[in-house]
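Trainee: Once you've had a glance at the structure underneath, I'll fire off some questions.
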Ligand SMILES: NC(=O)c1ccc[n+]([C@@H]2O[C@H](COP(=O)([O-])OP(=O)(O)OC[C@H]3O[C@@H](n4cnc5c(N)ncnc54)[C@H](OP(=O)(O)O)[C@@H]3O)[C@@H](O)[C@H]2O)c1
């Protein structure tokens, strides 16, 4: 199927995990894809594997986002799909939240996400689609995730308001809230292997489907929301979490 035929799609954080899998899915649906990331070597390797353009742009830097948009504009003209996916997960208990940890997560997961959309809007085709990668953490009280969860809750709030304002241009904007997905994000937390194993087991026990999701499973939903099949969907949020949000008391 070629649901994204002729569309130009940008995937931030496309060198790894959910972004990488979504770039692959977009390509299989006929889109022309540009991936971004912050590490030039990783971006280059992933871009070569996928056969797409890779551009280094740290979303913490507004001028880097502006340079990215300028390059996309010069090389591709206008865009149709923006997958705002780049993000970090830095768990820390309340009482031990440093200013650096706070600033880093806010400036990547929320400020970076907002300004990615902000700066791409002038080169967006009317009728396009924006997908913000959020998290079920926006709604859970999972220990050690207070700031991370707040960045995702803020992003979902932004999505709802933006949907109203972008509707006159028929640009749709939606959020995707995954549960735990098997990607390198957990290894980047700095937690010891044993801690990660314990965290993984505890989380899987609480998920009705008793497993982590795979990045490809998120990519399918993202690709649907990017396509014209989702033409009446905007300002919405989709949990994709093996049932974790049900929070069953038994099972
Ligand atoms: N995995 C999960 O369980 C899960 C659950 C819910 C939500 N999410 C969200 O899903 C999104 C993707 O995460 P993932 O699980 O696929 O993790 P991942 O494999 O670590 O991918 C994250 C991507 O974002 C990039 N990135 C991070 N900071 C950036 C910055 N300042 N500028 C540009 N790119 C940056 C990373 O680059 P580097 O390779 O250089 O780090 C990487 O390409 C994130 O927003 C995350 O919060 C993940």
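Each reported figure results from applying straightforward, stated rules to the coordinates on display, with no laboratory input. Not measured: the values here are computed from a predicted model. In this analysis, Cβ positions are derived from the backbone assuming ideal geometry, glycine residues included, and neighbour counts consider all displayed protein chains.
Trainee: Working only with C-alpha atoms, what are the Rg and Dmax values of the range 100-251, expressed in angstrom?
Mentor: Looking at the range 100-251, its Cα Rg and Dmax stand at 16.4, 51 Å.
Trainee: OK, next. Counting pairs of Cα atoms in the range 127-199, how many percent are more than 16 Å apart?
Mentor: Roughly 58 percent, once rounded to a whole number.
Trainee: List residues of the range 1-19, by number, whose backbone nitrogen lies under 16 Å from a label position 7 Å along Cα→C-beta of residue 209.
Mentor: Taking a point 7 Å out along Cα→Cβ of residue 209, the residues of the range 1-19 whose backbone N falls under 16 Å are 18.
Trainee: While we're here: By how many degrees, between 0 and 90 and to the nearest 10, does the Cα long axis of helix 40-50 differ from the longest principal axis of the chain?
Mentor: Helix 40-50 sits at roughly 70 degrees to that axis.
Trainee: P(r) of the range 62-153 in 5 Å steps, Cα pairs, percent per bin?
Mentor: 3, 13, 21, 20, 14, 11, 9, 6, 2, 0
Trainee: Further question: Relative to the longest principal Cα axis of the chain, at what angle does helix 146-166 sit, 0 to 90 degrees, rounded to 10?
Mentor: Tilt relative to the chain: about 30 degrees.
Trainee: For residue 66 and residue 157, FRET efficiency with R0 = 25 Å and r from the beta-carbon atoms, rounded to 0.05?
Mentor: Approximately 0.50, to the nearest 0.05.
Trainee: Could you grab the relative contact order for the range 50-125? Cα pairs under 8 Å, six or more apart, rounded to a whole percent.
Mentor: 45 percent
Trainee: Give me the angle, in degrees from 0 to 90, between the Cα long axis of helix 215-226 and the longest principal axis of the Cα atoms of the chain, rounded to the nearest 10.
Mentor: Value to nearest ten degrees: 40.
Trainee: Only Cα pairs under 8 Å and at least 6 apart count here; give the relative contact order of the range 1-160 as a rounded whole percent. It would help to have the intermediate numbers written out before the result.
Mentor: Values: 282 pairs, mean separation 33.9, N = 160.
Across the range 1-160, relative contact order equals 21 percent.
Trainee: Go ahead and collect, in residue order, the members of the range 129-168 whose backbone nitrogen is under 17 Å from a label point 7 Å along the Cα-Cβ direction of residue 217.
Mentor: Zone members listed by number: 134-137.
Trainee: From the convex hull of the Cα coordinates of the range 174-225, what is the mean projected area in square nanometres?
Mentor: Mean projected area for the range 174-225: 4.2 nm², to one decimal.
Trainee: With a Förster radius of 35 Å, plug the Cβ-Cβ distance of residue 245 and residue 42 into 1/(1 + (r/R0)^6) and report the FRET value to the nearest 0.05.
Mentor: Given R0 = 35 Å and the Cβ-Cβ separation, E is 0.65.
Trainee: While we're here: With the contact rule set at Cα under 8 Å and sequence spacing of 6 or more, what percent relative contact order holds for the range 146-251?
Mentor: It comes to 40 percent, rounded to a whole number.
Trainee: Sticking with this one: Principal axes first, then extents: for the Cα atoms of the range 13-101, list largest minus smallest coordinate on each axis, whole Å, largest first.
Mentor: The Cα atoms of the range 13-101 stretch 48, 27, 24 Å along the principal axes, largest first.
Trainee: Still on this structure, please answer the following. The range 57-80 to the range 1-34: how many Å between their Cα centroids?
Mentor: About 17 Å separates the Cα centre of the range 57-80 from the one of the range 1-34.
Trainee: Roughly speaking, what % of Cα-Cα pairs in the range 1-149 are separated by over 27 Å, rounded to a whole number?
Mentor: 23 percent
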